[in-house]
1. What are the residue pairs meeting all of these: first residue in region 82-99, first residue farther than 25 Å from PHE41 by Cβ and modelled with pLDDT under 85, second residue among the hydroxyl-bearing types (Ser, Thr, Tyr) and assigned to a helix (DSSP H, G or I), Cβ atoms under 6 Å, and 6 or more apart or on different chains?
2. Any residue at all in region 67-84 that's within 15 Å of the chain's Cα centre (by Cα) and surrounded by 10 or more Cβ atoms within 10 Å (Cβ to Cβ)?
3. List every residue pair whose Cβ atoms sit under 7 Å apart, with the two residues 6 or more apart in sequence or on different chains, where the first one lies in region 56-67 and is free of Cβ contacts under 8 Å to residues at least 40 places away in the same chain and the second, anywhere, is aliphatic (A, V, I, L, M).
4. Go through region 44-66 and count every residue that is open to solvent by 100 Å² or more (accessible area, probe 1.4 Å) and under 40 Å from the mean Cα position of the chain (by Cα).
Amino acid sequence: MKYFWIQLLLILGSVSMALMFIRTWSQAKNRAWKRIAFSVFVVVNVYAVLRPTDVTWLAQQLGVGRGTDLVLYVMVMAMGFLTLNTFLRFRSLEKKITDLARTVAISEGLRHNDARLGQDAAAAPAAAPAATVPEPGPAADSASDSASDSASDSVKA
């Protein structure tokens with residue numbers, strides 16, 4: 001009964017974390033192994049709170065000495081995992097946001113260009129070269145000669 005209140009507080013904290021995790025289950029979009037690991041963590045946490053002498057025994061078997069030190073080492077490893085996981089998630093989200101921003105910028109640029117030039121003007125340059133190709137024959141040769149002469153005159157000027 002000496003440790004009842006601290007045990008109750010720690011167990012309520014573990015259960016509230018588990019309920020929060022379960023409540024946001026669909027929103028969390030966690031992988032299955034993260035869900036399993038979190039569930040195991042909660043169960044081990046409740047067990048360690050109820051039976052602290054077992055944690056001390058396990059620590060002595062592992063050569064750590066005290067159960068408190070073992071819990072500290074495990075929490076440092078868990079914090080390292082959490083930090084790495086968060087870093088990788090943010091890096092992935094930054095890449096997705098960058099790709100999305102590029103896509104939006106390109107589509108907005110095209111839309112702005114089309115609005116500025118008009119839909120027909122943007123489509124006309126693609127169709128214009130096909131319409132101005134002269135047919136082979138004597139008239140086409142004289143037309144191309146006069147066009148090249150006028151082009152060379154404009155370059156000299």
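The values are calculated or read from the model by the stated rules, or taken from the named source; none is laboratory data. Because the structure is a prediction, the values reported are computed rather than measured. Glycine also receives a Cβ, built like all others from the backbone with ideal geometry; neighbour counts cover every protein chain displayed. Quick note on the areas: whole protein, heavy atoms, side chains included, nothing else; ligands and nucleic acids left out. Shrake-Rupley method; radii C 1.70, N 1.55, O 1.52, S 1.80 Å.
1. From residues that are farther than 25 Å from PHE41 by Cβ and modelled with pLDDT under 85, there are no pairs.
2. Of region 67-84, the ones within 15 Å of the chain's Cα centre (by Cα) are 84.
Remaining after also requiring surrounded by 10 or more Cβ atoms within 10 Å (Cβ to Cβ): 84.
Yes, that holds for at least one residue.
3. LEU58/LEU70; ALA59/LEU70; LEU62/LEU70; VAL64/LEU70; GLY65/ALA59; ARG66/ALA59; GLY67/VAL55; GLY67/ALA59
4. Number of matching residues: 2.
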